[in-house]
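What follows is one structure encoded as structure tokens, with my remarks underneath.
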């Protein structure tokens with residue numbers, strides 16, 4: 001009888017303890033999940049994308065001169081080696097440099113190149129020629145001027161440098177930074193152009209165009 005009473009008391013105590021444990025783990029005193037509050041901060045940074053903007057993006061060649069009788073001209077590109085200009089060289093005032101090139105981005109460089117002269121009738125193009133333009137693009141005319149179906153493009157600025165002959169692939173635009181093509185953010189330069197026509201050519205088209213391209217080169221890393 002005594003042993004049974006002891007085991008009964010132990011069993012009752014175990015039931016009470018287990019009940020309390022179960023009540024504590026699932027009761028109302030348990031902490032709930034954590035809660036978060038957030039803040040979003042907005043800010044600006046300088047662009048790391050290098051760009052170059054040309055203004056205006058279209059220009060008319062003027063100041064025609066050159067050629068020889070009976071093909072000299074003062075309102076078209078005469079033969080041989082007639083010339084026209086966008087702006088005027090030597091530079092005496094800012095209006096002589098009508099094309100503005102503006103660089104944006106991290107410090108880098110500005111390169112330049114020229115395409116061929118294309119007639120409005122899509123006939124035979126004039127090939128760009130000049131020094132450093134490759135063996136096949138050497139100007140073959142008298143005094144190293146453009147030969148038949150060749151032409152040259154030169155750019156100039158107010159730096160005092162002589163006009164620079166453009167090439168068919170990108171090279172440093174030495175007129176951009178007074179003898180250097182280095183550029184920093186928002187730097188700009190005013191430039192003008194000379195076009196020298198072929199020694200002779202036979203094409204009925206009287207309207208031609210040439211595209212000059214500037215390239216914003218990123219800094220070396």
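Of all the numbered requirements in (1) part of a loop (DSSP other than H, G, I, E, B); (2) surrounded by 16 or more Cβ atoms within 10 Å (Cβ to Cβ); (3) in contact (Cβ under 8 Å) with a residue 60 or more places away in the chain, residue 130 misses one, and that requirement is (3).
Report yes if some residue within the stretch 41-50 is surrounded by 14 or more Cβ atoms within 10 Å (Cβ to Cβ) and modelled with pLDDT of 95 or more; otherwise report no. No, every residue in the stretch 41-50 fails to be surrounded by 14 or more Cβ atoms within 10 Å (Cβ to Cβ) and modelled with pLDDT of 95 or more. Every condition in (1) free of Cβ contacts under 8 Å to residues at least 12 places away in the same chain; (2) crowded, with 19+ Cβ neighbours inside 10 Å is met by residue 192 except one, and the failing one is (1).
Scanning the stretch 179-192 for residues that are farther than 12 Å from residue 158 by Cα and assigned to a strand (DSSP E or B) turns up 182, 183, 188.
Only a single item in (1) farther than 24 Å from residue 87 by Cβ; (2) modelled with pLDDT under 95; (3) assigned to a loop (DSSP other than H, G, I, E, B) is not met by residue 136, and it is number (3). Scoring residue 110 on the criteria (1) surrounded by 13 or more Cβ atoms within 10 Å (Cβ to Cβ); (2) assigned to a loop (DSSP other than H, G, I, E, B) leaves a single failure, condition (2).
The values are calculated or read from the model by the stated rules, or taken from the named source; none is laboratory data. Small disclaimer: the values here were computed from a predicted structure and weren't measured. Note that each Cβ is placed from the backbone with ideal geometry, even for glycine, and that neighbours are counted across all protein chains shown.
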